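Below is one structure, written out as structure tokens; the observations come after it.
Quick note: the coordinates plus some simple rules give every number you see, no bench work behind them. Just so it is clear, the structure is predicted and the values come from calculations on it, not from any experiment. Every residue, glycine among them, receives a Cβ derived from its backbone with ideal geometry; neighbour counts consider all protein chains shown.
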Amino acid sequence: MSEQFFEVEGLNTWFFTRAGTFKSVRDVSFNLKRGEVLGIVGESGSGKSVTGMSIMGQVEKPGKIVSGSIRLDGEELTELSFDQMRKYRGRRIAMVFQNPLMTLNPLMRVRQQMFEAISEHEKVPAAQMRERSIAALKAVGIPSPEERLEAYPHELSGGMRQRVVIATALLMNPDLIIADEPTTALDVTIQAQIIHQMRSQITDRGLGMIWITHDLATLSELADRILVMYAGAMMETGATAEIIATPRHPYTSKLLESVPSNNEPGQRLKQIRGTMPSLLDLGEGCAFRSRCERASPACETSPPKRSFSSTHHAWCHHPIEG
Amino acid sequence: MINFVLQRLLQCIGVVLALSIVLFVGLWLIGNPVDVLISSEATEADRQAAIVALGLDRPIWEQYFNFLVNAMQGDWGTSFVYKEPVTTILLQRLPASLELAFVAFFIAIGFSIPAGLYAGLKPESSFSKAVMGFSLIGVSIPTFWQGMLLIVAFGIALPFFPVGDRGNVATYFGITSSLWTLDGWHHVLLPAFSLALLKMSLLIRVTRAATLEIVRLDYVKFAYAKGVHPVRIVFVHILRNALVPLITVIGIELGNLLAYGVITETVFSWPGLGKLLINSIKVLDRPMIVAQLTYTALLFITINFLVDILHMTIDPRVRSVMGKRAK
């Protein structure tokens, strides 16, 4: 069960607009084992969501996967036709979106929206779809799932709706779940419950999960490994403990410092000075150099990959040496 | 749901009554129709006789009450000008207007919703751009001019369609209409297209805007992420949600078609209601004006009522809000 079943290699997803080419994802590579959670962390515009959409084959125009390979159990997904890919979506790779208030169609009952996730992939009698939907709803902790099936989205709370979305994603027992900030819109207690439930589903079912977020604090409780992205590129990757305890990339370190819980009361919150550079005119060099305290002229050139353990790597000219 | 429908019906009746009072009082104050109707050489005695004959000597509330009781029995009074019951005159003209409006309505809907939907789904395609160009022309050209152009182009230069009048009529199921005959259809198509053009162009734009907005929403992306077939996504997820704002606009436009076809009816000398109202106002034919304005009001009230019901059928959120309010 521990083999790498999912691999992304050298992924480049660019958006060709009138203003120019936005290189939203640049040379991103990672892999995933069954039962493992990979956290992708970055601020808005870091390319983390576009990475998720690229895997789903749902990059919107004028965006395009320019190069790179996405492999599920050795099968190349980027070469599949739209219809072949459609048959994988939901069945082998499922996705959970950020805003639970927007992810369900307001005009359809929960039942209709869950059933279509099954019926689009296999012919199953309604009674069996019902059974499976109820089981999935129970698995994510929804009380009296029989009644919830007949509910419309507006009759459910935000947390309930996100559970319905997660249950829908679990329906077909996919190999991989991509969760794009699934708990950001929820309040903290619900967040913790949902994270706990998802973690146990991943472990029980032996799925892989990619958890996309800007919140390092949640990731530290959930992820096995973390990938830090900035301006479309990988900055650092490693086991969760490695990233949290010994960040090597100056950006990761700044990101950790800006987590509010590290502050004393009354102390000013730490922030990273400056803003992210435009994705339009990124040169060869490190994307973070304009905001980095350790930057030197060398940073104008493409940052080298430095390894600190078999799992811990950073792309930086001047990493923080332990 | 039933509660709501009943409550809404009561409201509708209230609105009709309020409107009939406003109309009646307003018309009573506008001027004395007797001066318009009797010849200038009439004696004072003739004048008094006319006033009594028309019931204008009674107190205003009594006139209104009589009007209301009669109206409910289908007697809308006698036209001052035509000396015939208003109901008879209206019923002569109404079918022509209705058939023109309904044909125009189905032309407008039948083209604009598929075209607008396509333009919203594939905004970059050349067909979509052509559709948008067409709709821009459609909303920009004044109806009377566009009507005359159509007559010149398809009635005279290329005489595909007859111009003027309604063509043969026939009666089936107690309804006399030109839509029962081929000749009637031949006559109605050109004016109906002319009448439909503006509505069509408007509806294309509304449909496209609604579609563009919905395509971007997460529940559409989620449907794709579930592996749902694109055809199902378009018809079940996108179109149904686009219908929510569309139905309101369609309702208003249907009302406009039925009530305000004046220009098209004039240009195509269509024997409908359109010109009747204008003429009645000119000569202060009070019963005619009251009847026609009440017809227009009833029309819009009915359409609004139907739009509300449709909204409730389509959108469960409306249903729950309305259901709560009705309790």
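Brief remarks follow.
- Eigenvalues of the alpha-carbon gyration tensor of the protein assembly as shown, scaled by 5 and square-rooted, set the equivalent ellipsoid semi-axes at 68, 27, 24 angstrom, largest first.
- Given charges at Cβ of Lys, Arg, Asp, Glu: the protein assembly as shown dipole, positive-most of B:Val152, B:Leu98, A:Met85: A:Met85
- Applying 1/(1 + (r/R0)^6) with R0 = 22 Å to the Cβ-Cβ distance of A:Val188 and A:Gln267 gives a FRET efficiency near 0.55.
- Environment charge of A:Ser44, counting only residues whose C-beta is closer than 13 Å and scoring Lys/Arg +1, Asp/Glu -1: -3
- Dipole size of chain B about its Cα centre, with +1 on Lys/Arg Cβ and -1 on Asp/Glu Cβ: approximately 1780 debye, rounded to the nearest 20.
- Taking the DSSP beta bridges with both ends in chain A, the antiparallel portion is around 60 percent.
- Pairs beyond 23 Å (Cα-Cα), from B:Lys199/B:Lys221; A:Lys33/A:Lys64; B:Lys199/B:Lys275; B:Lys199/B:Lys282; A:Lys33/A:Lys138; B:Lys122/B:Lys221: B:Lys199/B:Lys221; A:Lys33/A:Lys64; B:Lys199/B:Lys282; A:Lys33/A:Lys138
- GNM result for chain B, Cα springs below 10 Å: residue of B:Phe300, B:Phe24, B:Phe65 fluctuating most strongly: B:Phe65
- Cα centroid separation, the stretch A:236-309 to the stretch B:256-327 (Å): 65
- Loop-located GluC sites (Glu not before Pro) in the stretch A:201-287, at most 11 other Cβ atoms within 10 Å (DSSP): A:Glu284
- Restricting the stretch A:90-152 to trypsin sites (Lys or Arg not before Pro) that sit in a DSSP loop and have at most 11 other Cβ atoms within 10 Å of their own Cβ leaves A:Lys123.
- Magnitude of the charge dipole for the stretch B:182-224, about its Cα centre and with charges confined to Cβ atoms of Lys, Arg (+1) and Asp, Glu (-1), is about 200 debye.
- Comparing B:Ile289, B:Ile156, B:Ile301 in a Gaussian network model of chain B, where Cα atoms under 10 Å apart are tied by springs, the biggest mean-square fluctuation is seen for B:Ile156.
- Its Cα centre serving as origin, the stretch B:228-319 has a Cβ charge dipole (Lys and Arg +1, Asp and Glu -1) of approximately 160 debye.
- Other residues within the sphere of radius under 14 Å centred on the Cβ of B:Asn66, judged by their own Cβ, net out at -1 (K and R +1, D and E -1).
- Computed over Cα pairs, the Kirkwood radius of the stretch A:116-243 leads via Stokes-Einstein (1.002 mPa s, 20 °C) to a diffusion coefficient of 134 µm² per second.
- Here the Karplus relation 6.51 cos²θ - 1.76 cosθ + 1.60, evaluated at θ = phi - 60°, turns the backbone of the stretch B:286-295 into coupling constants of 3, x, 5, 5, 4, 4, 6, 5, 5, 4 Hz, with x for every Gly and Pro.
- Distances between placed amide hydrogens fall under 5 Å for A:Ala233 paired with A:Arg26, all partners being 5 or more residues away or on another chain.
- Two-decimal Rg to Rh for the stretch A:100-173 - Kirkwood Rh, Cα set: 0.92
- Restricting the GluC sites (Glu not before Pro) of the stretch A:24-115 to loop positions (DSSP other than H, G, I, E, B) with no more than 16 neighbouring Cβ atoms within 10 Å leaves A:Glu43, A:Glu60, A:Glu79.
- Principal-axis tilt of helix B:240-259 within chain B, Cα atoms, nearest 10 degrees: 20
- Rounded to the nearest 500, the 222 nm mean residue ellipticity of the protein assembly as shown from helices alone is -16500 deg cm²/dmol, with -39,500 (n - 2.57) taken per DSSP H run of at least 4 residues.
- Beta bridges assigned by DSSP with both partners in the protein assembly as shown are antiparallel in approximately 65 percent of cases.
- For the stretch B:72-79, 3J(HN,Hα) per residue [Karplus equation, 6.51 cos²θ - 1.76 cosθ + 1.60, θ = phi - 60°, Hz, x = Gly/Pro]: 5, 8, x, 9, 9, x, 10, 4
- For the residues A:Gly57, A:Gly74, A:Gly35, a GNM of chain A with alpha-carbon springs under 10 Å puts the largest fluctuation on A:Gly74.
- R0 of 35 Å, Cβ-Cβ distance A:Asn31-A:Gln128: FRET efficiency to nearest 0.05: 0.50
- Across the stretch B:61-67, computed HN-Hα scalar couplings (Karplus, 6.51 cos²θ - 1.76 cosθ + 1.60, θ = phi - 60°) run 5, 6, 4, 5, 4, 4, 4 Hz from first to last residue, x flagging Gly and Pro.
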